[in-house]
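Encoded as structure tokens, the structure appears first; notes follow it.
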Amino acid sequence: MSNAPLMPKATAVWLVENTSLTFDQIADFCKLHPLEVKGIADGEVAAGIKGHDPITSGQLTREEIAKGEKMTEYRLNLAVSKVRLPEPKKQRGPRYTPLSRRQDRPNAILWLVRNHPELKDAQIMRLVGTTKTTLQAIRERTHWNSAALAPMDPVTLGLCSQLDLDLEVNRAAKDRPAQAEEHGATLMPAEITTAPRGPSTHQEVFGSGPAPQREEEEQLDVESVFGKLKALKTED
């Protein structure tokens, strides 16, 4: 139904009730059969349909209706909408892989898994155009041809462009620091934990507080005891 108004039957109901246009004119404008329009006028067709005003919706002008009422042979023209709707964006579907390249997809998946472990499954599936089942089988080495697989660059194979690969790698790199923070502190490298350490100083062991003075206190106690003994002997 090309160049038909919105809700043609409801529009025909309104035109029958509110204009003196002929059945042929209404049928031609609404893309209906003249007998169907006659049935609408007789109440046999579209009994429960409420009329739709084509003037309010911008599909027809009053001047066009008046011209049709004066000339029975005139055919009404659908008004051109002044509002330009943007063209719908084409949704990006799964990447198409030529038949000659489909046998190289497992090799490309293996290359991505080994060289870019930070990539998520969804990213690899977008780059190569594979399925979750095939990707999981290659990761777990349960693929039927895993023994003969050899890692190959998907860009060299023509399965994706270098721009697409760089874009996905950069996205994965941005998500990686956030995941590391969620996991918390990590273990220190082995070079630091196994490095030889010198003798511990008092500050490293006990902190920055004052050093213990136990030996000096013991010497003071001994001297005070001998001093008291000497004083008792002189008194005797």
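The values are calculated or read from the model by the stated rules, or taken from the named source; none is laboratory data. Keep in mind it's a predicted model, so treat the numbers as computed, not measured. Using ideal geometry, Cβ is built from the backbone for each residue, glycine included, and neighbour counts are taken over all protein chains shown.
Table: residues versus (1) in contact with a Ser or Thr (Cβ under 7 Å, 6 or more places away or on another chain); (2) closer than 15 Å to residue 79 by Cβ; (3) at pLDDT below 90.
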| position | (1), (2), (3) |
| --- | --- |
| 15 | no, yes, no |
| 48 | no, no, yes |
| 57 | no, yes, yes |
| 65 | yes, yes, no |
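Could you check the range 26-36 and list, in sequence order, the residues that are buried (at least 20 other Cβ atoms within 10 Å of the Cβ) and either over 51 Å from the mean Cα position of the chain (by Cα) or assigned to a loop (DSSP other than H, G, I, E, B) (or both)?
Our first condition is that a residue be buried (at least 20 other Cβ atoms within 10 Å of the Cβ); within the range 26-36, this holds for 26-27, 29-30, 32.
Residue satisfying the conditions is 32 alone.
Whether any residue in the range 77-86 is modelled with pLDDT of 85 or more and either over 21 Å from residue 172 (Cα atoms) or within 25 Å of the chain's Cα centre (by Cα) (or both) is what I want to check. Looking for residues that are modelled with pLDDT of 85 or more and either over 21 Å from residue 172 (Cα atoms) or within 25 Å of the chain's Cα centre (by Cα) (or both), one finds at least one in the range 77-86, hence yes.
Here residue 173 clears all of (1) surrounded by 11 or more Cβ atoms within 10 Å (Cβ to Cβ); (2) modelled with pLDDT of 90 or more; (3) not in a loop (DSSP other than H, G, I, E, B) except the condition numbered (2).
Restricting to the range 14-25, and then to whatever is part of a helix (DSSP H, G or I) and among the hydrophobic types (A, V, I, L, M, F, W, C), can you tell me which residue is surrounded by the most Cβ atoms within 10 Å (Cβ to Cβ)?
Let us first name the residues in the range 14-25 that are part of a helix (DSSP H, G or I), namely 14-18, 23-25.
Right, trim to among the hydrophobic types (A, V, I, L, M, F, W, C) and you get 14-16, 23.
Working: 14: 21, 15: 27, 16: 20, 23: 20.
Checked the range 14-25; the qualifying residue surrounded by the most Cβ atoms within 10 Å (Cβ to Cβ) is 15.
Let's see how each residue does on (1) loosely packed, with under 13 Cβ neighbours inside 10 Å; (2) part of a helix (DSSP H, G or I):
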{"residue": "41", "(1), (2)": "no, yes"}
{"residue": "47", "(1), (2)": "yes, no"}
{"residue": "52", "(1), (2)": "no, no"}
{"residue": "57", "(1), (2)": "no, no"}
{"residue": "60", "(1), (2)": "no, no"}
{"residue": "66", "(1), (2)": "yes, yes"}
{"residue": "77", "(1), (2)": "no, no"}
{"residue": "80", "(1), (2)": "yes, no"}
